[in-house]
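One structure is given here, and the rest of the page talks about it.
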Amino acid sequence: MADNILVTGGAGFIGSHVVNALIEKNIMPIVIDNLSSGKMENLDPRALFYQQDITDDEMMEKIFMVHKPKYVFHLAAQISVSRSVKDPIEDARINITGTLKLLELSVKYGVEKFIFSSTGGAIYGDDVSTIPTPETEFPKPISPYGIAKFSVENYLRFYNYQHGLKYAVLRYANVYGPRQDPHGEAGVVAIFSERMLKGEEVIIFGDGENIRDYVYVSDVAKANLLAMEKLENDVINICTGIGTSVNQLFEALRKATAYAKKPTYADPRPGDLRKSILSWEKAKRLMGWEPSVKLNDGLVKTVEFFRKKLGTT
């Protein structure tokens, strides 16, 4: 495929795996990342890289003008739920206004489809009628991060209706795997893995009975490519339909790392959901996608990645 493909946030955790999946199909994408949470070591050097911020209007205009991408994978974001709670205005500046500017450029330069990384964890809220939760559940996000993602989904409908810009929305459950940042607050698997391998204290916020749906990053990357090819003007969950508590996750990682200590429990964090499990039936129906990596296998691969990175045996 000779068409230009743009990946924002392509040096980040999920974005770099999307870049890898594209390159495996002999597509050399154009990557934009300001490296605020992304890292150069994540990125395949064959990708064309711009170290730029999506909120820099002048540079974004130049990149769109030069490359005229046919597809845009938009993964660049302010990714911290707790930071969005502390500073909703900054979260909206990046996650809503930053995205709107990309949508304007997409219309101006003839982008065919805009593939948006939304959130399944933070978008539905705690008050759901069905678990595993399908896409028909009306979103009631309780954090500015979730609100921003849902706002963009609505804007995508507008840009499709008004300008004919096609879109695909992927609502991810809790994504984990190699290259996740253990120093943020979004990646509990990465945080636990690194701390356990270093023999450091592991902190669990709340009672450890918060339940999440953990989906492996390579499955998420596959879903992005399928969405480019098969999903049109629709929203799908990317998940496993299986709930795992933080305490269960701790136990599984403790075995994988041979960690000897008990966890330390701390106060719950504001904005954290109690239970989030999503349904992937629609992804299967519309794109033929299903999760392929089981949690224990994915955790072992993730621990191996951090073991190599830390140089521990």
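The values are calculated or read from the model by the stated rules, or taken from the named source; none is laboratory data. On a predicted model such as this, the values are computed, not experimentally measured, just so you know. Here the Cβ is made from the backbone with ideal geometry for all residues, glycine too, and neighbour counts use every protein chain on show. SASA here: full protein model, heavy atoms, side chains in, ligands and nucleic acids out. Shrake-Rupley method; radii C 1.70, N 1.55, O 1.52, S 1.80 Å.
Some points to look at:
- Considering only the chain, percent of DSSP beta bridges that pair antiparallel, nearest 5: 5
- The order of the peptides 202-209, 130-137 by mean Cβ neighbours within 10 Å, most packed first, is 130-137, 202-209.
- Positive-end residue of P270, I204, L286, charge dipole of the range 186-313 with Cβ unit charges: I204
- Cα-based reach from K39 at 26 Å (exclusive), listing lysines while leaving out same-chain residues under 8 positions away: K25, K62, K68, K70, K86, K101, K149, K198, K222, K301, K308, K309
- Averaged over its residues, the chain has an accessible area of 44 Å² per residue, based on protein heavy atoms and a 1.4 Å probe.
- With respect to the chain, whose longest principal axis is taken over its alpha-carbon atoms, helix 144-163 is tilted by about 20°.
- Average Cα contact separation per residue, the chain, under 8 Å, 6 or more apart, as relative contact order %: 18
- As a length-normalised measure over Cα pairs under 8 Å and 6 or more apart, the relative contact order of the range 34-102 settles at 36 percent.
- Each peptide in 94-103, 115-124 gets a packing score, the mean of other Cβ atoms within 10 Å over its residues, and the list from highest to lowest is 115-124, 94-103.
- Magnitude of the charge dipole, the chain, Cβ model with Lys/Arg +1 and Asp/Glu -1, debye to 20: 600
- Whether the range 236-313 is rounded, prolate or oblate, judged on the alpha carbon gyration tensor where a/c under 1.5 counts as rounded: oblate
- Only protein atoms count toward the accessible area here, which uses a 1.4 Å probe; on the range 1-134, the carbon and sulfur part of that area reaches 52 percent.
- Accessible-area composition of the range 153-221, carbon plus sulfur, in percent [1.4 Å probe]: 48
- Reach of K282 by Cα under 20 Å, taken over aspartates and glutamates that are not fewer than 8 positions away in the same chain: E135, E137, E153, D213, D219, E229, E232, D234, E290
- For the pair F138 and D297, label points projected 7 Å from Cα toward Cβ lie 4.0 nm apart.
- Projecting the Cα atoms of A258, G98, I242 onto the dipole axis of the chain, where Lys and Arg carry +1 and Asp and Glu carry -1 at the beta carbon, places A258 farthest toward the positive end.
- Dipole magnitude for the range 52-199: computed about the Cα centre from +1 point charges on Lys and Arg Cβ and -1 point charges on Asp and Glu Cβ, it is near 360 debye.
- For the range 141-180, the gyration tensor built on C-alpha atoms gives an oblate shape. Its axis ratio a/c (a ≥ b ≥ c) is at least 1.5, and a/b is not larger than b/c.
- Angle between the chain longest axis and helix 13-24 axis [Cα atoms, degrees, rounded to 10]: 60
- For the range 167-313, taking Cα atoms only, Rg and Dmax work out to 16.0, 49 Å respectively.
- Cβ-based charge dipole, the range 1-75, positive-most Cα from A21, L43, L75: A21
- Peptide ranges 249-257, 262-270 listed from the most packed, as the mean C-beta count within 10 angstrom indicates: 249-257, 262-270
- For q = 0.11, 0.16 Å⁻¹, Debye-computed log10 I/I(0) when each Cα of the chain counts as one equal scatterer: -0.64, -1.41
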